[in-house]
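Student: Sharing a structure with you now.
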Amino acid sequence: MTRRHTLLFRASGNRVFGEAGGGLRQQLARPLLFTSLVAAGLLITGLLTGELAFSVLLAAVVILLASAVTAGRRRRLSIGLEGEQRSARQLRRLPDAEVFHDVMLGGENADHILVTAEGVFSVEVKNWAQVRADHGGVTSRTQPKRNVLPQARRQAGKLGQLLRVKVTPVVVFVQPDSVVRVRELEGVAVTTLSRLPATLTRLRCAARYPLTPEVRQRCVRTLETQLQ
């Protein structure tokens, strides 16, 4: 059975929808756009009032303050964006799948979704340092990360309600120093970035919740609409 699935996976390509990390990219752009508009308004006011030098100085102060205030948040968003982009490149190695990126699910987003003949998979990406995942749970820098597994299950549940199918939740830890000693925790598949293709292939070979061609196409159409 496993060998037949493997040969099938090698036989055809995949289709990609959406932009990996698109939501994070938009969040990164918003403060810059707002700050630029404020600075431009100050410069225009300076030109109109004849106080250009003062307006230039004020605009520079606004830009510096905004950069300082948002520096930490921008760094976190950039790290998250990098993780989603790196995992997206790994997902391109999976044939015979429709891969959706950054799909909104009722106030939160699914980083990646795979629709395949063998089932639907929701992939949550975590770009955390010094991750350890074992039977005791998930930690990062020795600090427990108790929300990651419930988050993955919650998103898979929302996606399942949307598509009217069972969805398998997967969490991938991107940092190369991540150590994952189990395949599954609390109903969630856990893996590292380098093993992501192999993990998803294994889950597909298990085919817990296979889809008929009609249901698969319905799922794809629904997710296409969700991206619009």
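Student: Quick check on my filter: what residues within the range 196-212 are among the basic types (Lys, Arg), surrounded by fewer than 16 Cβ atoms within 10 Å (Cβ to Cβ) and either at pLDDT 95 or above or under 19 Å from the mean Cα position of the chain (by Cα) (or both)?
Tutor: ARG202
Student: Now for a different question. What are the residues in the range 83-110 that are under 16 Å from LEU163 (Cβ atoms) and polar (S, T, N, Q), if any?
Tutor: Of everything in the range 83-110, just one residue is under 16 Å from LEU163 (Cβ atoms) and polar (S, T, N, Q), namely ASN109.
Student: Another question, if that's okay. Might you check whether a residue that is modelled with pLDDT of 85 or more and either buried (at least 21 other Cβ atoms within 10 Å of the Cβ) or part of a strand (DSSP E or B) (or both) occurs anywhere in the range 69-86?
Tutor: Scanning the range 69-86 turns up at least one residue that is modelled with pLDDT of 85 or more and either buried (at least 21 other Cβ atoms within 10 Å of the Cβ) or part of a strand (DSSP E or B) (or both).
Student: Quick one: GLU184 ticks every box in (1) touching a residue at least 24 places away in the same chain (Cβ under 8 Å); (2) closer than 21 Å to PRO144 by Cβ except a single one, so which number is it?
Tutor: All conditions pass for GLU184, except number (1).
Student: Just checking, how many residues over the range 96-110 are touching a Gly at 6+ places or on another chain (Cβ under 8 Å) and not in a loop (DSSP other than H, G, I, E, B)?
Tutor: 6
Student: Those residues that are buried (at least 19 other Cβ atoms within 10 Å of the Cβ) and of a type in the set (Asp, Glu), I need them from the range 87-126; list them, please.
Tutor: Within the range 87-126, GLU98, ASP102, ASP111, GLU118, GLU124 meet the criteria.
Student: VAL188 - would you say it is of a type in the set (A, V, I, L, M, F, W, C), at pLDDT 95 or above and surrounded by 14 or more Cβ atoms within 10 Å (Cβ to Cβ)?
Tutor: When the stated conditions are applied, VAL188 passes them.
The values are calculated or read from the model by the stated rules, or taken from the named source; none is laboratory data. As the structure is a computational prediction, the values presented were derived from the model and not from experiment. When we count neighbours, we look across all protein chains shown, and the Cβ atoms used for this are built from the backbone with ideal geometry, even at glycine.
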